[in-house]
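The next block holds one structure in the form of structure tokens; read it before the comments.
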Amino acid sequence: MSYDALIIGAGHNGLVAACYLARAGLKVCVVEKNNWIGGAAVSRELYPGFTYSNCSYVSSLFRPEIMRDLELSKHGLQILPYEGGAMFTESGGYLGMFRDHDANRREMARHSKRDAEAYDRYARDILRHCRFIRPLLMRRPPDPASFRPRDLAELAWLGKQMFDLSEMAMYDMIRFWTMSIADYLDEYFENPVVKAYQAVGSIIGTALGPMSPGTAYVLLHHAMGDVDGNVGAWGYARGGMGSITKALAASLRAAGGQIRAGVAVEQVLVRNGRAVGVALANGDEIRASRVVSNMDVRRTFLRHVAEKELPGDFVKRVKAFKTRGSSGKLNIALDGLPRFTALPEGAPNVKGDMHFTDSIEKMEAAYDDWKDGRFSREPFQDVMIPTLIDPTMTPPGKHFMSCFVQYAPPKIEGRDWTDADRDAFGRACLDQIERAAPGFKNLVLHVEVRTPRELEAEVGLTEGNIFQGELTFDQLLFNRPVPGYADYRSPVRDLWICGSSTHPGGGVMGAPGRNAAAEILRDMKLPAKDMSDAYAVL
Amino acid sequence: MNALTHYETPLLQTPFHARTSAANKMHSWGPWAGYASVLTYEDLAMEHSSIRNAASVYDLCPMVKYRIEGPEAMAFLNRLTVRNVAKLSVGGVQYTVWCDDAGHLIDDGTLFRMSPDRFRLCCQERHLPWLLDSAYGFDVAIREETEEVAALSLQGPTSASVLAAAGSDVTGLKPFRMADFAFVGGEVTISRTGFTGDLGYELWTVPELALPLWDHLFAAGAQHGLRPIGSDALNIARLEAGFIITGYDFTPAPQCVREDRLRSPVEMGLGWLIDWEKGHFTGRRALLRAKPKWAFVGLEVDGNIGAEGAILYHDQKTEVGMITGACWSPTLKKSIALAQVQAAHAAGGNLWAEIYALRELHYAKMMMRARVVDRPFFQTDRRRATPPARF
């Protein structure tokens, strides 16, 4: 049995790549070490009757072109918009988020009239950055050190994007890509709660604090998606984030591809500098003309490829690639809806993202703990109750609560996490929610606590980094994952990488998988069937 | 501001809401600056007709208002805006615009000089951070006061008669002047200003006096054809008068995502406002350097179909601009339009509007000649005559 392409890992990017390759006529197989598929876009029932979004929990970046190309709607995927959101303050108040522009302005004006009126200019500037980066997502990044015609053409295209900007916009662009979100927000806003809420997207999944340079870009990474054209908006995948990978799996099977779960890869087989298949943990081998790894770049090359097959310089750079874990996750089954006492009865804010860290300084303090090798005593949380919108995940009246938590280091003071550490981490998060919603803990039926240890062990994310590598400027575009290999290739011929370690990075975008498939098909001189270009940015 | 339940009322209600909602027989509302605003109360043609034939009342409350006061308020406003504020005497009103450092238009508005050191700036968009930042180094206090003022626009040939019947003698009030009048224990400021190009006044008071003022006006206006009008009727009147609206006829710089959409005052036909001699003002240096790429023109379009949103072509072939506002003018019996065109085509000559008219699910596609004409399209002596003619 031999395949044209063997994909390691049934995460969303591996499945996206597999779908496009299968549609182009390749014989494709996806192997997955877990007994279930999904990677970090996964929904499992860990408590009877409750479906969780165990890892990723909201969707905005998943490319609509991919949903359309792969007919994911036909295969069951629905992305639902959500409303609301609130930043609870220590003083017992809150700053709410509203979809309506004027309701939102009036809410901000409760905290600062000036900031309420500063929001338009801020939103304009963020949108300008989004418009610049959007067209880059579905292209192989150009290599500025290469003189190949294609790289030169891509560089010329990128240069034109730059030169279409005014002088001032160009300055702003370059500053923005390297600034801290704290400095950036100071240029627009004065109120600490307003700033804290805006900063939320700048630290998620990143082992940096809001005062670290580079966090402004992380914010953009979370703002550049959309739900049906509503740029910056996030939504739920109906039935949990696993619905994305389930729909991809169905699309893949419909295109003739295979998925084998519970099959762990031990080693990529390399013969004469070419990948020829994989050796499995059970001793079996699967032959394939090419191997595509959905694992992160460190896991792929440092654990599953023999070092002697790789150039030393490449290995060194892969080892230096930052995959520092920064986050954990609590998945909670609730017997009823908690009452967040700061919110007026009936306020829609509970349907969106909720947070308890009401200043940049407190976010930074939470990061200080991470630097000291501890989880944050007062963690930053991104709490959602998707079952207020999605009726399919729990029985009526019951709820699923997803709590994304920062910061949690890959190791506790240099040693591995213990179960006791994990439980203490979980308690710190639950206590924080209980303070905003007294009685909350009495509603808890089951909690799954995931630290970087669990994320690495189960999902395979090195150090538990949810983006398969930090989204800092030194690790973006032609430097992602390492210089010279931003084209989804590796030093081993026919060994490709397609996960979020590659351009344009993580966040359940699907773009790395799609771009990798495009490069593979180009390499094979095959037309990319059913693969759309990025929608034009008007 | 009690905003804790604003998710229940995402649109604010103006102080006149009890009356405007009762009169809004078509339940036709639209959002304006965060307020529920009436589009058409009952009948668009009758409402527009009342502006040109009798008298009309329009609820102005959603217009954004800033209070600017202090010893250096005048100096600050002279720096902020392009006109010479030193020439604005107490009791006077100035139509003006202001720009960012690059000379791009931020907004237009009316500036009221309430006292030597106190001004009110009325405009379409919100600018508090810009005003505060611009005030750096000036001894001036700036406050947003939109919700503290209730305002009505009373426009039309019989509007002075309505006010006379209401007990306010405005016969001596010249255009762009204002005066205070006692009203049920308080005060109403009446300015001879408006957005219709006709005889008209704007009435300003505190929210507590809003409903008594409305009732008093309508009682006085019963014999003078007074009726409430919505934004749709006002829009036709303002097009006839050739007035622009920020956000419709140009994109304000603070919200403009696409840099090629930014416009200077000169490009919007507002160069006449600029006082180059008054000293420095924000955007002056950039405006001196800039070569206008665009021009803003009034057009008369052949045929009898409104040309809203039409693309403009030179010689029926090359795209050279776009119509930003248009209507069939009931007053002029012509199809009129406001448009942005490339500067080279400011004089017109061979301009054409591509119009799509939907008739029973089929588009009639027309290429209609568009002639550049002077604005305002509609001129009436009523607008300036002091004392106002009786009708």
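So the values come out like this:
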read-out: Over chain A, relative contact order from alpha-carbon pairs under 8 Å, at least 6 apart, %; value: 25 percent
read-out: Residues in segment A:63-102 that a label on residue A:230 would reach, taking backbone N under 20 Å of a point 7 Å out along Cα→Cβ; value: A:63-65, A:67-68, A:73, A:77-87, A:95-102
read-out: Segment B:48-150: C-alpha gyration tensor shape, a/c 1.5 cut-off, then a/b vs b/c; value: prolate
read-out: Cross-link partners of residue A:441 among lysines (Cα-Cα below 27 Å; sequence separation of 8 or more within a chain); value: A:329, A:351, A:362, A:398
read-out: Diffusion coefficient, µm² s⁻¹, Stokes-Einstein with Kirkwood Rh over alpha-carbon pairs of chain A at 25 °C and 0.890 mPa s; value: 104 µm²/s
read-out: Reachable lysines, given that their alpha-carbon falls under 21 Å from the alpha-carbon of residue B:65 and they are not under 8 places away in the same chain; value: A:113
read-out: Nearest-ten-degree value, helix A:511-523 long axis tilted from longest Cα axis of chain A; value: 20 degrees
read-out: Label-point gap, in nm, between residue B:53 and residue B:317 - each point 7 angstrom along Cα→Cβ; value: 4.8 nm
read-out: Diffusion constant of segment B:148-267 at 20 °C, which comes from Stokes-Einstein with the Kirkwood Cα-pair radius and 1.002 mPa s, µm²/s; value: 134 µm²/s
read-out: 14 Å cut-off, amide nitrogen to a point 7 angstrom out along residue A:313 Cα→Cβ, residues in segment A:133-159; value: A:145-146
read-out: Centroid-to-centroid separation of segment A:484-521 and segment B:85-158 [C-alpha atoms, Å]; value: 55 Å
read-out: Overall form of segment A:1-65 per C-alpha gyration tensor (a/c, 1.5; a/b vs b/c); value: oblate
read-out: For residue B:108, distant residues with modelled amide H under 5 Å away; value: B:124, B:246
read-out: Those lysines that a straight Cα-Cα span of less than 19 Å connects to residue A:33, excepting residues fewer than 8 apart in one chain; value: A:246
read-out: Segment B:197-214 - phi-based ³J(HN,Hα) in whole Hz, Karplus 6.51/-1.76/1.60, Gly and Pro as x; value: x, 10, 4, x, 9, 10, 10, 10, 8, 8, x, 5, 9, 4, 5, x, 5, 4
read-out: Pairwise FRET efficiency - residue A:448 versus residue A:345, Cβ, R0 = 41 Å, nearest 0.05; value: 0.85
read-out: Between segment A:60-97 and segment B:290-315, the Cα center-to-center distance that results, in Å; value: 41 Å
read-out: Cut-off under 5 Å, modelled amide H: who pairs with residue B:37 long-range; value: B:30, B:32
read-out: Per residue Cα convex hull volume in Å³ - calculated over segment A:398-538; value: 209 Å³
read-out: Per residue Cα convex hull volume in Å³ - calculated over the protein assembly as shown; value: 190 Å³
read-out: Virtual spin-label span in nm between residue B:356 and residue A:253, 7 Å along Cα→Cβ; value: 4.4 nm
read-out: Segment B:215-224 - phi-based ³J(HN,Hα) in whole Hz, Karplus 6.51/-1.76/1.60, Gly and Pro as x; value: 4, 4, 4, 6, 5, 6, x, 4, 8, 10
read-out: Test item: A:99-112 mean partner chain Cβ contacts at 10 Å; value: 5
read-out: ³J(HN,Hα) computed for each position of segment B:113-126 - Karplus, 6.51 cos²θ - 1.76 cosθ + 1.60, integer Hz, glycine/proline x; value: 9, 7, 7, x, 10, 10, 10, 10, 10, 10, 7, 8, 10, 9
read-out: Inter-part distance where segment B:360-388 and segment B:199-239 are each reduced to a Cα centre, Å; value: 24 Å
read-out: Cβ-derived FRET efficiency at R0 25 Å, residue B:308 paired with residue B:13, nearest 0.05; value: 0.30
read-out: Burial order of peptide ranges A:160-172, A:375-387 (average beta-carbon count within 10 Å, highest first); value: A:375-387, A:160-172
read-out: Long-range amide H partners of residue A:40 with built H, under 5 Å; value: A:12
read-out: Approximate shape of chain B as ellipsoid semi-axes (Cα gyration tensor, √5λ), whole Å, largest first; value: 32, 28, 20
read-out: Cα shape, segment B:293-377, gyration tensor, a/c 1.5 rule; value: oblate
read-out: Label point distance in nm, residue B:136-residue A:150, each placed 7 Å from Cα along Cα→Cβ; value: 4.9 nm
read-out: FRET efficiency for residue A:428 and residue A:320, using Cβ-Cβ distance with R0 set to 30 Å, rounded to 0.05; value: 0.40
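No lab work stands behind these numbers, since they all come straight from the coordinates. Keep in mind the model is a prediction, meaning the values are calculated, not measured. Please note: Cβ atoms are built from the backbone with ideal geometry, for glycine as well, and neighbour counts cover all protein chains shown.
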